[in-house]
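Right, one structure below, let's go through it.
The values are calculated or read from the model by the stated rules, or taken from the named source; none is laboratory data. Here the structure is a predicted model, which is why all the values come from computation and not from measurement. Here Cβ is always computed from backbone atoms with ideal geometry, including for glycine, and neighbour counts include all displayed protein chains. Note: areas computed on protein heavy atoms with side chains; ligands, DNA, RNA excluded. Shrake-Rupley method; radii C 1.70, N 1.55, O 1.52, S 1.80 Å.
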Amino acid sequence: MEASKFSGESVVEPRILLVNPPIYDFAAYDFWLKPYGLLSVAGCLRGKADFKLFDYLDRLAPFVTERKELQSDKWGRGRFYCEQIQSSACVSEIPRYFRRFGLPRRMFEDFLRQQGPFDFVFIQTMMTYWYQGVSEVIVDIRKACSGTKIILGGNYVTLCGSHARRLGADFLLQGTNLEPLWQYLNVTGELRQPAFWEAYEKLNAGVLKLSDGCPFNCTYCSVPKVYGRFKARPLERSLAELDLLCRLGVENIAFYDDALLFEAEEVLMPFLKEVLKRDIKVNFHSPNALNARFITEELAKLMLRAGFKTFYLGFESASLQWQRRTGSKVSCDELERAVEHLAAAGADRQDITAYQILGHPYSDIQQLEDSMRFANSLGIRGMLADFSPIPETPDGEYCRKWVDMDEPMLHNKTAFPIILLGFDEVNRLKDLQRRLNRELP
Ligand code: B12
Ligand code: SF4
């Protein structure tokens, strides 16, 4: 390993560029998308490096705010700037437009010319099927600053290591243990630091994560393997991060926890009680599904009082057979009870959404239409969550029957349901979901 700029007696801090790449996909929407892993790692090095951020998905960048059609909704969500492009050969049969979402490429080239060179570039990787955006960033950095060390981390690198190694980065951080990164950089990071949110010039939405891991073992999910046992993060660290987000003017906060409501008495409830005690006024959201099983009357009341505005519940299917085969994370009764508790606590049913998987390989036993009608009968919105097969999960491995799982583009959530069920059937189910939502009071 070459000596990094962290080593030696130099008083000059190393220059580190943080990049959240553009997205290449059929669809993308800013549903409180933030490069939280990247910012967390940078937070550990706060005060030890000179950071710059280029977030292609930053919707508060002037290029975006001057476009009326890209304005945020009342909870800080909205559309990304996008350009239609040629899809890559492996998904060319999918009859949907393929696009590049995010700031134009030339803006990054200009940025590198004006702000470079950098000693290191840290690049966020997210969905496995978004690797083309990562590749674009690497090509542009190599062209502009040849001596820069490029470091990748995040979900794609963790789940598709051997594929990611072909993109040409210098170092890959797989999984969640940051020790190999500190060794590579020859520095020690401080894990208790909040994420590096001050990298943004303007910020109206942020992210928090109070815990890691999940106690369930759903057969379609990578979290149990990647994160292991459920573990709460230190409350003080989360409160310090909340404080930082509020100081930066954030109004909407999305939780990125996998099991936000597990052991709520030890984790979420103390956090929310502190929010009330400090009289903090922000809107909380749970885009990453909540487990309805854990929503008690008391918890629902506390969540509403502390500022929760939208509720996304993971339901997946009303079929008992499907639930049992995939890990029994939630039942129909539990969903119904949770909705009653939330509504009684003051939530508008229009702000409660049940996710259901579309295009899961056991669709034959999922009874999706009945499941959609069941959620609708509770007066809440339904949202079809297109299935993305994930390598090394039992269901993802089963999908090798239909697609080449070694090509991450084929994990694409728009592509897979169409490959499995056909274009017409996917459209029929989506139309049905839209109709059911429209019929809600
Ligand atoms: C939040 C989240 C979302 C958010 C959006 C997140 C985003 N910014 O894009 C929402 C709710 C919108 C979402 C949607 C979906 N998601 Co999602 N999501 C997540 C979740 C919970 C966290 C992702 C994240 O930000 N991780 C980063 C932070 C939170 O992790 P961390 O632990 O602090 O990070 C550590 C390390 O990973 C590392 N690290 C992380 N990043 C970096 C970067 C660098 C440079 C370095 C050095 C280190 C590093 O260091 C950190 C400190 O230890 C993951 C599960 C998980 N626990 O990771 C699933 C996950 C990524 N999602 C998944 C899925 C399936 C989906 C959906 C397809 C579900 C659906 N059918 O609708 C959609 C797809 C959306 C789309 N447009 O295509 C899958 C992955 C699928 C895939 N093929 O890649 C995951 C892994 C969950 C699973 N089921 O296994 N998701
Ligand atoms: S409950 Fe959610 S995070 Fe936990 S294993 Fe199941 S799908 Fe994954």
Computed ³J(HN,Hα) along the stretch 71-85: with the Karplus parameters 6.51/-1.76/1.60, θ = phi - 60°, integer Hz and x for glycine or proline, the list is 5, 6, 7, 5, 9, x, 9, x, 7, 8, 5, 8, 10, 6, 9
The extension gain from MET107 to ARG165, computed as 0.36 nm times the residue separation minus the Cα-Cα distance, is 18.2 nm
From the cross-link list LYS48/LYS143; LYS225/LYS329; LYS5/LYS52; LYS34/LYS231, the entries with a Cα-Cα span beyond 18 Å are LYS48/LYS143; LYS34/LYS231
In order over the stretch 240-253: 3J(HN,Hα) from phi, Karplus 6.51/-1.76/1.60, θ = phi - 60°, whole Hz, x for each Gly or Pro, gives 5, 5, 4, 4, 4, 4, 5, 4, 7, x, 6, 10, 10, 10
The simple spin-label model distance between VAL12 and GLN114, using points 7 Å out along Cα→Cβ, in nm, is 2.2 nm
Quick shape check on the stretch 79-215: root eigenvalues a ≥ b ≥ c of the Cα gyration tensor, a/c under 1.5 is rounded, otherwise prolate if a/b tops b/c, else oblate, and it reads rounded
The FRET efficiency for GLU274 and TRP402, from their Cβ-Cβ distance with R0 = 41 Å and rounded to 0.05, is 0.30
Pseudo-spin-label distance SER88 to ARG142, built 7 Å along Cα→Cβ, given in nm, is 1.5 nm
For the pair ASP333 and LYS225, the simple spin-label estimate (label points 7 Å beyond Cα toward Cβ) gives in nm 3.3 nm
Amide H neighbours of LEU290 at under 5 Å, excluding residues fewer than 5 places away on the same chain, with H built from the backbone geometry, are TYR312, LEU313, GLY314
Residue by residue through the stretch 312-317, the couplings from Karplus 6.51 cos²θ - 1.76 cosθ + 1.60 with θ = phi - 60°, in Hz, x for Gly and Pro, are 10, 10, x, 10, 6, 6
So, relative contact order of the stretch 223-322 in percent, Cα under 8 Å, 6 or more apart, is 28 percent
With +1 at each Lys and Arg Cβ and -1 at each Asp and Glu Cβ, the charge dipole magnitude of the stretch 91-249 around its Cα centre, to the nearest 20 debye, comes out at 420 debye
With the 8 Å Cα cutoff and a minimum separation of six or more residues, the chain has a relative contact order in percent of 13 percent
Sorting SER388, SER371 on solvent-accessible surface, 1.4 Å probe, most exposed first, gives SER388, SER371
A 1.4 Å probe over the protein heavy atoms gives the stretch 83-187 a carbon and sulfur accessible-area percentage of 47 percent
Per its Cα gyration tensor (rounded if a/c is under 1.5, else prolate when a/b beats b/c, else oblate), the stretch 74-114 is best filed as oblate
Between PHE51 and residues 5 or more places away or on another chain, the pairs with built amide H atoms under 5 Å apart involve ILE16
With every protein chain kept in place and a 1.4 Å probe, the stretch 275-409 has an accessible area per residue in Å² of 41 Å²
Expected unfolding gain across ARG435-ARG349 under the 0.36 nm per residue rule, minus the alpha-carbon gap, is 29.3 nm
In degrees rounded to 10, the 0-90 angle between helix 297-306 Cα long axis and the longest Cα principal axis of the chain is 40 degrees
With +1 at each Lys and Arg Cβ and -1 at each Asp and Glu Cβ, the charge dipole magnitude of the stretch 391-436 around its Cα centre, to the nearest 20 debye, comes out at 400 debye
Counting sequence-distant residues (5 or more places) and residues on other chains, those with an amide H built under 5 Å from that of VAL121 are LEU17, LYS149, ILE150, ILE151
Mean separation of Cα contacts under 8 Å (at least 6 apart) over the residue count of the stretch 210-268, i.e. the relative contact order in percent, is 47 percent
